[in-house]
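Participant: There's a structure below that I have some questions on.
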Amino acid sequence: MSGTTPSVLLVDDDLDICANMADILEDFGYEVDVAHEGTTALEMVRRRSYDVALLDFRMPGMDGVTLCREIRRVRSGMVPMLVTAYANAETAREAVDAGAWQVLAKPVDLATLMGLVDEAVGQPLVLVVDDDPDLCANLGDLLREHGFRVCVAHDEAGAVERLSEATRVVLLDLRLPGGDGAAVFRRIREANPATRVVLITGYRDELGSVVSRLLTQGVDAVHYKPFDIPRLLHDLDLLAASGGGE
């Protein structure tokens with residue numbers, strides 16, 4: 001986790017619940033913003049990224065599951081959790097399908113909630129930069145299951161926009177529309193030299209000289225498509241333990 005104060009977006013149409021929960025989270029050292037309905041919350045998410053979003057299930061207008069899905073689309077690195085008085089197997093399945101990390105029943109057990117918020121904030125942030133949406137989606141699911149937060153970009157501009165001090169590791173495709181991985185690597189090193197970079201490419205022979213050059217410039221590892229998943233996860237675990245803005 002970076003040295004900045006971890007942030008939580010709290011979304012619930014019950015003003016008293018929001019006020020009480022915000023006080024508790026702030027007492028534990030979190031920066032808290034509050035919204036009372038989904039549309040406002042989504043506008044706040046578009047303006048800035050939070051570490052964690054705590055979302056009520058039933059709200060006027062946009063419900064928590066829809067908001068969760070939109071958060072995943074707009075800010076894939078955020079960790080949404082659904083908090084609901086209507087917790088059941090169907091609700092949980094809908095929420096998980098929409099991208100929720102956890103589903104908690106009201107009334108919330110505060111010890112459990114704070115433990116989960118702490119755990120979510122502590123998950124290393126990995127930025128996946130690749131122009132293949134399906135590959136990004138599959139890698140994102142795999143990495144989240146392995147305990148990472150995941151941000152996604154499909155081109156050079158998106159990668160630069162999503163790079164932050166908290167990013168521990170970047171999985172970087174060498175061929176990108178409107179740019180190239182080598183240029184993104186240079187921007188990463190300028191923004192935060194501690195961020196670890198793993199090149200990913202399907203062009204082992206064609207881009208061999210580029211890979212060799214970037215390895216001499218400080219790239220930490222290279223993985224070729226199709227991936228050796230156990231090896232990839234092993235390297236990410238090692239690099240995440242040493243990377244980012246610690």
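Participant: Suppose the filter is touching a Gly at 6+ places or on another chain (Cβ under 8 Å) and not hydrophobic (A, V, I, L, M, F, W, C); does residue 102 pass it?
Facilitator: Taking the combined requirement at face value, the residue does not satisfy it.
Participant: Tell me, yes or no, whether the stretch 207-217 has at least one residue that is of a type outside the set (Gly, Ala, Ser) and under 21 Å from the mean Cα position of the chain (by Cα).
Facilitator: No.
Participant: Let me ask another. Taking the conditions exactly as written (surrounded by 14 or more Cβ atoms within 10 Å (Cβ to Cβ), of a type outside the set (Asp, Glu), in contact with a Lys or Arg (Cβ under 8 Å, 6 or more places away or on another chain) and closer than 24 Å to residue 22 by Cα), does residue 102 satisfy them or not?
Facilitator: In short, no.
Participant: I'd like the residue in the stretch 172-201 that is among the β-branched types (Val, Ile, Thr) and without any contact (Cβ under 8 Å) to a residue 40 or more places away in the chain and, out of all such residues, is farthest from residue 217 (Cα to Cα). Can you show your working first?
Facilitator: Of the residues in the stretch 172-201, the ones among the β-branched types (Val, Ile, Thr) are 184, 188, 195, 197-198, 200-201.
Cutting the leftovers down to without any contact (Cβ under 8 Å) to a residue 40 or more places away in the chain gives us 188, 197, 201.
Values: 188: 12, 197: 11, 201: 17 Å.
Restricting to residues being among the β-branched types (Val, Ile, Thr) and without any contact (Cβ under 8 Å) to a residue 40 or more places away in the chain, the top hit is 201.
Participant: Which condition number does residue 169 fail, the rest of (1) aliphatic (A, V, I, L, M); (2) touching a residue at least 60 places away in the same chain (Cβ under 8 Å); (3) in a helix (DSSP H, G or I) being met?
Facilitator: With respect to (1) aliphatic (A, V, I, L, M); (2) touching a residue at least 60 places away in the same chain (Cβ under 8 Å); (3) in a helix (DSSP H, G or I), residue 169 is out only on (3).
Participant: Quick check on the stretch 174-232: of everything there that is assigned to a helix (DSSP H, G or I) and polar (S, T, N, Q), which residue is surrounded by the fewest Cβ atoms within 10 Å (Cβ to Cβ)?
Facilitator: In this case the residue turns out to be 216.
Participant: Which of the residues that make up the stretch 138-151 are aliphatic (A, V, I, L, M) and either assigned to a helix (DSSP H, G or I) or out of contact with any Gly (no Cβ under 6 Å at 6 or more places or on another chain) (or both)?
Facilitator: 139, 142, 143
Participant: A further question follows. What pairs come out if I take residues in the stretch 88-106 that are at pLDDT 85 or above and pair them with residues that are among the hydroxyl-bearing types (Ser, Thr, Tyr) and part of a helix (DSSP H, G or I) whose C-beta lies under 8 Å away, six or more apart or interchain?
Facilitator: That search, which allows pairs on different chains as well, returns 98/66; 103/91; 104/112.
Participant: Next question, about the same structure. Identify, from the list 167, 216, 201, the residue that is touching an Asp or Glu at 6+ places or on another chain (Cβ under 7 Å) and hydroxyl-bearing (Ser, Thr, Tyr).
Facilitator: Of the residues listed, the single one that is touching an Asp or Glu at 6+ places or on another chain (Cβ under 7 Å) and hydroxyl-bearing (Ser, Thr, Tyr) is 201.
Participant: Just for helices (runs of 4 or more DSSP H) wholly inside the stretch 13-128: which have at least 2 residues that are outside the structural domain of residue 184 (by TED's automatic domain parsing) and closer than 30 Å to residue 160 by Cα?
Facilitator: Because the criterion is at least 2 residues that are outside the structural domain of residue 184 (by TED's automatic domain parsing) and closer than 30 Å to residue 160 by Cα, the helices (runs of 4 or more DSSP H) in the stretch 13-128 that meet it are 38-47, 64-74, 89-97, 110-122.
The values are calculated or read from the model by the stated rules, or taken from the named source; none is laboratory data. On a predicted model such as this, the values are computed, not experimentally measured, just so you know. Glycine also receives a Cβ, built like all others from the backbone with ideal geometry; neighbour counts cover every protein chain displayed.
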